[in-house]
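Colleague: Following this message is one structure expressed as C-alpha cells.
What follows is calculated from the coordinates using simple rules that are stated; it is not laboratory data. These numbers were taken from a predicted model, which means no experiment stands behind them. Backbone-built Cβ (ideal geometry, glycine too); neighbour counts: all protein chains shown.
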Amino acid sequence: MAPTFTEEHEQLRATLRRFLADKAPSEAVRRSMESTDGHDPALWRRMADELGLLGLALPEEYGGLGGGPVELGLVLEELGRALLPSPYFATVALAGQALVVSGDERAKARWLPAIADGSLTGTLAWAEESGSWHVEDVRAEAVPDRGGTRDRVSGTKMFVVDGRSADLVLVVARTTTGPRLFAVEGTAPGVTRTRLETLDPTRRLARIDLDGAPAQAVGPEDADAAAGYLRRVTDLAAVALAAEQAGGAQACLDAAVAYARVRVQFGRPVGSFQAVKHKCADTLVKVEAARSAAYHALSVAAADPPEWRERAAAAAVAAVCCADAYTHAAKENIQIHGGIGCTWEHDAHLHLRRAKSSEQLLGSPAAHRRRLAGLVGISAPEATKGRARGNP
C-alpha cells in the first residue's frame, strides 16, 4: 500500500520546497539553531498564516484544513530536507496527532484551534531516564488532587522535543488503573524545564521535572482503551519521524551526487570513479527503500485499520528503514565530500547530527526490529521481556 498523490499533494510539495529554499536556506538554518528560541518565530508565523501548515493535518471543525497523516508526511519530508529548526514536529506531529486521535472532544476543542492558528506550541513527554518509549517503563505518576477536580503529575521526563519552550506538554503518567496521557501547561506551578546539551543543534531537547503539576487527563479512561490509544500515538509519532528522516536522506544523496559531478580529481569528476559511483548507487537504493516504507506507513496510518498490529508493523518497518537510510546517506555524503565535508562551515555534519539524534529519538532501530519480530510472530514473548534502552 502506498499513497496516491494528487495534483494538490504535488502542488503542496512544490510550494513548500520553494518557500523553504527562499526563506530557510543554510544561513537562516544556522541563525535559527544558534538563537535563543532555537527557531525563527517570524517564519513560524508565516508557516501558519501564509501556508496553513500548522492546521493542515487537523480537523476542519477545530480550525484545521482536514488533512491527515499523508499530508503531514509530505510536509515533514520537506522540512527534513531543509533541516529546518522548528517546533513543527513537536507541535503538530506529536502533540497535534495525539489530540486528534484521543477521542476527547473537550481537549480537542480547547487546544487544537490554537495549534492550527500558530498561537500554541506543544510537545509529547514520554521517555524518562532510561530513554525507553515502552509504556511499561513509565514511572511518572498522576494522582487526583484534594478536590478531585483535576490531577497532579509528578516525575521526570527526558529528551522532550522542544520541551523547554512548548506551551502545552502532553505527559504520559501512571494512574491506579494504568498509564494515561495528561495535559500540563508549560508554565504551570511544579514544572521545571531544563535545556539539554545534545548532539543535534537543529532540534532542542529538554528535561522536564514535574512536582505535583496540575494536569488534565486526555483520552479514554478505560485501561484497555487507554493502552490502545497510547500505542496508536507512538505509531503515529514513529511514522511522522520516518517521513522527516526520508526527506533528510534524500537531501544528503542530492548533495553527494551534485558534489561528485563538479569535484575534479586527477583531471576528471570524482563521480566518474567506480568507487564513488557505487557509494551513490547504494545510497540511492537505501533512500528509495526508506521512502517506500515511509509512504506505506503513512497510508496505513491514514486508513487506520481495525487491526492495530498492521499499523504497528508498518510503523516499525518505516522507523528502521528510514533511520538506517538517513544515517547511511549522511555518512556517505561526508565521505564523498572529503575534507570539506568535515568542516563546521559545511552542512554535511548537521545532517549527520540530525540523523544520529533522530535514530534514537523514539526508540533505536534495534528496538523497532525487536518489536516488529514480536508483531509478526518470529520471536517468543519471553524474548521481549528484557527490553533494551529505547525500546518502543
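Colleague: In µm²/s, what is D for region 1-136 at 37 °C and 0.692 mPa s, where D = kT/(6 pi eta Rh) by Stokes-Einstein and Rh is the Kirkwood radius from Cα pairs? Provide the component values of the computation, followed by the final result.
Modeller: Values: Rh = 15.8 Å.
The calculation lands on 208 µm²/s.
Colleague: Still on this structure: Could you tell me which helices of the chain pass both thresholds, a Cα extent of 18 Å or more along their own axis and a mean Kyte-Doolittle hydropathy of at least 0.5, with helices taken as whole DSSP H runs? Walk me through the intermediate numbers first.
Modeller: Details: long enough: 7-23 (24 Å, -1.24); 69-82 (20 Å, 0.57); 223-262 (59 Å, 0.61); 274-303 (43 Å, 0.27); 308-337 (43 Å, 0.08); 348-361 (20 Å, -0.92).
Those that clear 18 Å and a mean of 0.5 are 69-82, 223-262.
Colleague: What are the equivalent ellipsoid semi-axes of the chain, built from the alpha-carbon gyration tensor (square roots of five times its eigenvalues), in whole angstrom, biggest first?
Modeller: Working: eigenvalues 243, 106, 82 Å².
Semi-axes from the Cα gyration tensor: 35, 23, 20 Å.
Colleague: For Glu288 and Ala227, what does the FRET efficiency come to when R0 = 30 Å and r is the distance between their Cβ atoms, rounded to the nearest 0.05? The partial results should precede the final answer.
Modeller: Details: r = 36 Å, r/R0 = 1.18.
Once the sixth-power term is evaluated, E becomes 0.25.
Colleague: Under a 5 Å amide H to amide H cut-off, with H placed in plane at 1.01 Å, what residues pair with Ala183 once short-range neighbours are removed?
Modeller: Val171, Gln216, Ala217, Val218
Colleague: Using 0.36 nm per residue of separation minus the Cα-Cα distance, give me the extension gain between Arg268 and Thr15 in nm, one decimal. List each step's numbers first, then the result.
Modeller: Working: separation 253, 0.36 × 253 = 91.08 nm, distance 3.65 nm.
Extra length from Arg268 to Thr15 when fully extended: 87.4 nm.
Colleague: Go ahead and run the numbers for FRET between Asp254 and Val376, Cβ-Cβ distance against an R0 of 41 Å, rounding to 0.05. Each step should come with its number before you reach the end.
Modeller: Working: r = 34 Å, r/R0 = 0.83.
The computed FRET efficiency comes out at 0.75.
Colleague: Would you mind calculating the gained length between Glu27 and Glu310 on full extension (0.36 nm times residue separation, minus the Cα-Cα distance), in nm to one decimal? Intermediate values should be presented prior to the final figure.
Modeller: Working: separation 283, 0.36 × 283 = 101.88 nm, distance 4.18 nm.
Gain in length upon complete extension: 97.7 nm.
Colleague: Quick check on region 28-98: what are the equivalent-ellipsoid semi-axes from the Cα gyration tensor, as sqrt(5λ), descending, whole Å? Kindly include the intermediate steps, with their values, before the conclusion.
Modeller: Numbers: eigenvalues 96, 31, 22 Å².
Taking √(5λ) for each Cα gyration eigenvalue gives 22, 13, 10 Å.
Colleague: Can you tally the net charge around Arg263? Count Lys and Arg as +1, Asp and Glu as -1, for every other residue whose Cβ sits under 14 Å from the Cβ of Arg263. Write down the numbers at each step before the final one.
Modeller: On the way: positive: Arg261, Arg268, Lys277, Lys279; negative: none.
Once all neighbours under 14 Å are counted, the net charge is +4.
Colleague: Using the basic label-point model (7 angstrom from Cα toward the beta carbon), what is the Arg106 to Glu129 distance in nanometres?
Modeller: 3.4
Colleague: On the first, second and third principal axes, largest extent first, how far apart are the outermost C-alpha atoms of region 290-373 in Å?
Modeller: For region 290-373, the Cα extents along the three principal axes come out at 51, 22, 16 Å.
Colleague: Something else about it: Between Rg and the Kirkwood Rh of region 217-313, both from Cα atoms, what is the Rg to Rh ratio?
Modeller: Details: Rg = 20.3 Å, Rh = 16.2 Å.
Checking Rg against Rh, the ratio lands at 1.26.
Colleague: For region 226-384, take every pair of Cα atoms, bin their distances at 5 Å starting from 0, and report each bin as a whole percent.
Modeller: So the P(r) values, bin by bin, are 1, 10, 17, 18, 16, 12, 9, 7, 5, 3, 1, 0, 0.
Colleague: Net charge within 15 Å of Glu105 by Cβ-Cβ distance, Lys/Arg positive one each and Asp/Glu negative one each, not counting Glu105 itself?
Modeller: On the way: positive: Arg106, Lys108, Arg110; negative: Glu60, Glu61, Asp104, Glu221.
After counting each charged neighbour, the total is -1.
Colleague: Could you grab the Rg to Rh ratio for region 123-224? Cα atoms only, Kirkwood for Rh. List each step's numbers first, then the result.
Modeller: Values: Rg = 13.1 Å, Rh = 13.6 Å.
Reported Rg/Rh, Kirkwood definition of Rh: 0.97.
Colleague: Separate question: If each DSSP helix of 4+ residues adds -39,500 (n - 2.57) and the sum is divided by the residues in the chain, what number results at 222 nm, nearest 500 deg cm²/dmol? Don't jump to the answer; show the numbers that get you there.
Modeller: Values: 11 runs with 190 residues, N = 392.
Helix-only estimate at 222 nm: -16500 deg cm²/dmol.
Colleague: Now, a different point. Under the rule that an exposed site lies in a DSSP loop and has at most 16 other Cβ atoms within 10 Å, name the longest stretch of the chain with no chymotrypsin sites (Phe, Trp or Tyr not before Pro) of that kind, not counting the sites themselves.
Modeller: Values: sites that count: Phe5, Phe266, Phe273, Trp344.
Longest gap between qualifying sites, sites excluded: 6-265.
Colleague: About the Cα centre of region 51-113, what is the dipole size in debye to 20, counting +1 per Lys and Arg Cβ and -1 per Asp and Glu Cβ, all else neutral?
Modeller: Details: 4 positive and 7 negative charges, 39 e Å.
Computed about the Cα centre, the dipole is about 180 debye.
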